[in-house]
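Shown next, in structure tokens, is the structure this report addresses.
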Amino acid sequence: MIDIRANISSTKAHNFFLIRPKTDYAFNLAVIHALLNQDLYDRAFADLWISDLKALQQFVKPYTPEWAEKETGIEKERLLAFVRELAEAKPAVVWHPGWMTADTWIPSILSVPSTSSMPCSLRGLQGRDAPDQHPSDVGRKGLKKFVDLYPKPQEKRADGVGWRYPHFDSGPGSSTSDSKRSTLKTPILSRPTSPTGTTLSWAFRILSLSRRSFRSWICWFSVTFSWSDTAWLSDVVLPLSPYLERESILASKNGLKPYFFVRHRAAEPRFDTRSDWEIISGLSKRLGLDALAFNSAEEVWSFQLEGTG
Amino acid sequence: MTIRDFEATGMVPLSKDPKYRKVNELKFKTPSGKIEVISKKLESAGLPSLKLYEPVAKPADAQFRITFGRCAVHTQGHTVNNAMLSKEMPENVLWLNTKVGQSMGIADGELVEITGGKNTEESR
């Protein structure tokens, strides 16, 4: 466990490294240095699956455990002992990069999570026996996707993904970059943020910044079951039934044995709330997007299961 | 497959046995199909794939690192309108080391102003 403070998890950990704030990157670099320098990595795996390993070897040369000790406050002997444990525990090592390590500045976004996965890559763990088999990996078709019903918009995205930030993943997008939208003279388009999973305003550190950023939007809709800051700042709130009171769309779980699953509601919805599919279908009906205008949960499920065999 | 197939357990497995990949059967979603140390995507965006480490300065006097954690009362933004939980924890207060707070003459629960970069906020 690596943290800047002692907490309950740290008291349970076999190894707890109380590092100086913001020095995770130094710690990771020294671990990579030790793995490579002491030949504790899986050479066969690296030859097959890691490109430019020599560049990494060259890069981490100055980042010795001695050097890291001055930055992180972790004695080099402890770091080296930890690296030896990593090597012995192969292949049962999972290195979680931690939450919020990809914060603040773009270069740091790239540093901490990517160096966190590198020790696993060097141990030959990346992708092997990992529970990420998709339906197609076991010769099956996945659930039919709603997103394929309409062509993908071609306009420039408001969050800058694909043009201002060509290196950002287009899947999650960048909610915080949306706030820069008001300065753009380009067509405005962003992917919707997940109606249930994301409290968008929390992507901004400071409430006054959220308010300013929200004001720059023409209209903001929230589909939500909670009166969060995002809902508070929205122009329109469409109340969502809590998950025990709504029928959900079918979902696919990837894993060593991938499967589809359904979640039924346990109770009738209360008050003026709807399931997410009802809200989206209701809006689609009124907007003339007939392909998305389903009349019942059964219709939604039948659509999803088309072609799955 | 129909929705009736889900009736028994709520789920439908797509394979009989778990599938383990052999080391030569892996795949990575990168242009080269490998774990890339040098990313062309980053380099062409003018960003180094391997970023030089920048030493982290120690905070000066009256400067502090700010961090945050979870509490056992609220769950992100979902519970802020729950009256009972709100009574338990109506505000997300700032914590400061007791000794440091005393040396600065700050009493528990007092309103303080914190400044970081260009932003200033008031907090208790």
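Inspect the stretch B:70-80 for any residue being closer than 21 Å to residue A:21 by Cβ and free of Cβ contacts under 8 Å to residues at least 40 places away in the same chain and give the result as yes or no. Steps first, please.
Kept after step one, since they are closer than 21 Å to residue A:21 by Cβ, are these residues of the stretch B:70-80: B:70-71.
Next, from what is left, pick out any that are free of Cβ contacts under 8 Å to residues at least 40 places away in the same chain: B:70-71.
Checked against the condition, which is being closer than 21 Å to residue A:21 by Cβ and free of Cβ contacts under 8 Å to residues at least 40 places away in the same chain, the stretch B:70-80 yields at least one hit.
Out of the stretch B:96-119, which residues are within 11 Å of chain A (Cβ to nearest Cβ) and surrounded by 13 or more Cβ atoms within 10 Å (Cβ to Cβ)?
B:114
Within the group B:10, B:69, which residue is within 9 Å of chain A (Cβ to nearest Cβ) and either charged (D, E, K, R) or open to solvent by less than 50 Å² (accessible area, probe 1.4 Å) (or both)?
B:10
Checking the conditions here, which among A:53, A:36 is more than 30 Å from residue B:68 (Cα to Cα) and within 27 Å of the chain's Cα centre (by Cα)?
Working: A:36 fails: within 27 Å of the chain's Cα centre (by Cα).
None of the other options fit; the residue is A:53.
Could you check the stretch A:84-94 and list, in sequence order, the residues that are part of a helix (DSSP H, G or I) and either under 27 Å from the mean Cα position of the chain (by Cα) or surrounded by fewer than 16 Cβ atoms within 10 Å (Cβ to Cβ) (or both)? Reasoning before the result, please.
Of all residues in the stretch A:84-94, those part of a helix (DSSP H, G or I) come to A:84-88.
Matches in the stretch A:84-94: A:84, A:85, A:86, A:88.
Any chance you could count how many residues in the stretch A:124-139 are crowded, with 16+ Cβ neighbours inside 10 Å and either under 18 Å from residue A:309 (Cα atoms) or modelled with pLDDT under 80 (or both)?
At the first step, the residues of the stretch A:124-139 found to be crowded, with 16+ Cβ neighbours inside 10 Å are A:124-128, A:130, A:133, A:135, A:137-138.
Those still in the list that are either under 18 Å from residue A:309 (Cα atoms) or modelled with pLDDT under 80 (or both) too: A:124-128, A:130, A:135, A:137-138.
Total meeting the criteria: 9.
Condition check ((1) in contact with a Leu (Cβ under 6 Å, 6 or more places away or on another chain); (2) more than 30 Å from residue A:138 (Cα to Cα); (3) in contact (Cβ under 8 Å) with a residue 60 or more places away in the chain; (4) of a type outside the set (Asp, Glu)) across all residues:
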residue: B:5; (1), (2), (3), (4): no, no, no, no
residue: B:11; (1), (2), (3), (4): no, no, no, yes
residue: B:23; (1), (2), (3), (4): no, no, no, yes
residue: B:42; (1), (2), (3), (4): no, yes, no, yes
residue: B:58; (1), (2), (3), (4): no, yes, no, yes
residue: B:64; (1), (2), (3), (4): no, yes, no, yes
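Residue under question is residue A:281, and the condition is that it be modelled with pLDDT under 95, buried (at least 16 other Cβ atoms within 10 Å of the Cβ) and among the hydroxyl-bearing types (Ser, Thr, Tyr); does it hold?
Details: modelled with pLDDT under 95: no; buried (at least 16 other Cβ atoms within 10 Å of the Cβ): yes; among the hydroxyl-bearing types (Ser, Thr, Tyr): yes.
Judged against the criteria, residue A:281 is not a match.
In the stretch A:251-284, which residues are more than 18 Å from residue A:240 (Cα to Cα) and either out of contact with any strand residue (DSSP E or B) (no Cβ under 9 Å at 6 or more places or on another chain) or among the small types (Gly, Ala, Ser) (or both)?
Selection gives A:251, A:252, A:254, A:255, A:256.
Going through the stretch A:236-265 one residue at a time, which ones are among the aliphatic types (A, V, I, L, M) and either surrounded by 17 or more Cβ atoms within 10 Å (Cβ to Cβ) or assigned to a loop (DSSP other than H, G, I, E, B) (or both)? If you could, list the steps in order and put the result at the bottom.
Going through the stretch A:236-265, the residues among the aliphatic types (A, V, I, L, M) turn out to be A:236-238, A:240, A:244, A:249-251, A:256, A:262.
Matches in the stretch A:236-265: A:238, A:240, A:249, A:250, A:256, A:262.
Could you run through the stretch B:33-51 and say how many residues are more than 7 Å from chain A (Cβ to nearest Cβ) and either among the charged types (D, E, K, R) or surrounded by 12 or more Cβ atoms within 10 Å (Cβ to Cβ) (or both)?
Selection size over the stretch B:33-51: 6.
Return the residues of the stretch B:13-32 that are modelled with pLDDT under 90, in a loop (DSSP other than H, G, I, E, B) and more than 7 Å from chain A (Cβ to nearest Cβ); say none if nothing qualifies.
B:22, B:27, B:29, B:30, B:31 - these are the residues of the stretch B:13-32 that are modelled with pLDDT under 90, in a loop (DSSP other than H, G, I, E, B) and more than 7 Å from chain A (Cβ to nearest Cβ).
Going through the stretch A:33-61 one residue at a time, which ones are of a type in the set (Asp, Glu), surrounded by fewer than 18 Cβ atoms within 10 Å (Cβ to Cβ) and within 12 Å of chain B (Cβ to nearest Cβ)? Step through it out loud before you land on a result.
Going residue by residue through the stretch A:33-61, those that are of a type in the set (Asp, Glu) are A:39, A:42, A:47, A:52.
Now drop any that are not surrounded by fewer than 18 Cβ atoms within 10 Å (Cβ to Cβ), which leaves A:39, A:47.
The one that is of a type in the set (Asp, Glu), surrounded by fewer than 18 Cβ atoms within 10 Å (Cβ to Cβ) and within 12 Å of chain B (Cβ to nearest Cβ): A:47.
In the stretch A:4-31, how many residues are among the β-branched types (Val, Ile, Thr), in a loop (DSSP other than H, G, I, E, B) and open to solvent by less than 50 Å² (accessible area, probe 1.4 Å)? Can you show your working first?
Taking the stretch A:4-31 first, the residues among the β-branched types (Val, Ile, Thr) are A:4, A:8, A:11, A:19, A:23, A:31.
So of that shortlist, the ones also in a loop (DSSP other than H, G, I, E, B) come out as A:4, A:19, A:23.
Next cut, open to solvent by less than 50 Å² (accessible area, probe 1.4 Å) only: A:19, A:23.
Matching residues across the stretch A:4-31 total 2.
Looking at the stretch A:284-301, which of its residues are open to solvent by 70 Å² or more (accessible area, probe 1.4 Å), assigned to a helix (DSSP H, G or I) and either of a type in the set (Val, Ile, Thr) or more than 17 Å from residue A:238 (Cα to Cα) (or both)? Can you show your working first?
Going residue by residue through the stretch A:284-301, those that are open to solvent by 70 Å² or more (accessible area, probe 1.4 Å) are A:285-287, A:290, A:295, A:298-299.
Still in the running and assigned to a helix (DSSP H, G or I): A:285-287, A:290, A:298-299.
Scanning the stretch A:284-301 gives A:290, A:298, A:299.
Restricting the search to the stretch A:225-235, which residues are surrounded by 18 or more Cβ atoms within 10 Å (Cβ to Cβ), within 12 Å of chain B (Cβ to nearest Cβ) and of a type outside the set (Asp, Glu)? Don't jump to the end; show me each part of the working.
Kept after step one, since they are surrounded by 18 or more Cβ atoms within 10 Å (Cβ to Cβ), are these residues of the stretch A:225-235: A:225-226, A:228-231, A:233-234.
Restricting the remaining residues to those that are within 12 Å of chain B (Cβ to nearest Cβ) gives A:225-226, A:228-231, A:233.
Within the stretch A:225-235, A:225, A:226, A:228, A:230, A:231, A:233 meet the criteria.
Which residues, taken from the stretch A:62-79, are in a helix (DSSP H, G or I) and surrounded by fewer than 16 Cβ atoms within 10 Å (Cβ to Cβ)? Write out each step before concluding.
Filtering the stretch A:62-79 down to residues in a helix (DSSP H, G or I) leaves A:65-72, A:76-79.
Residues satisfying the conditions are A:66, A:70, A:77, A:78.
The values are calculated or read from the model by the stated rules, or taken from the named source; none is laboratory data. No experiment lies behind these values; they were computed from the predicted model shown. Here the Cβ is made from the backbone with ideal geometry for all residues, glycine too, and neighbour counts use every protein chain on show. Keep in mind that these areas ignore ligands, DNA and RNA; they rest on the heavy atoms of the full protein, side chains included. Shrake-Rupley method; radii C 1.70, N 1.55, O 1.52, S 1.80 Å.
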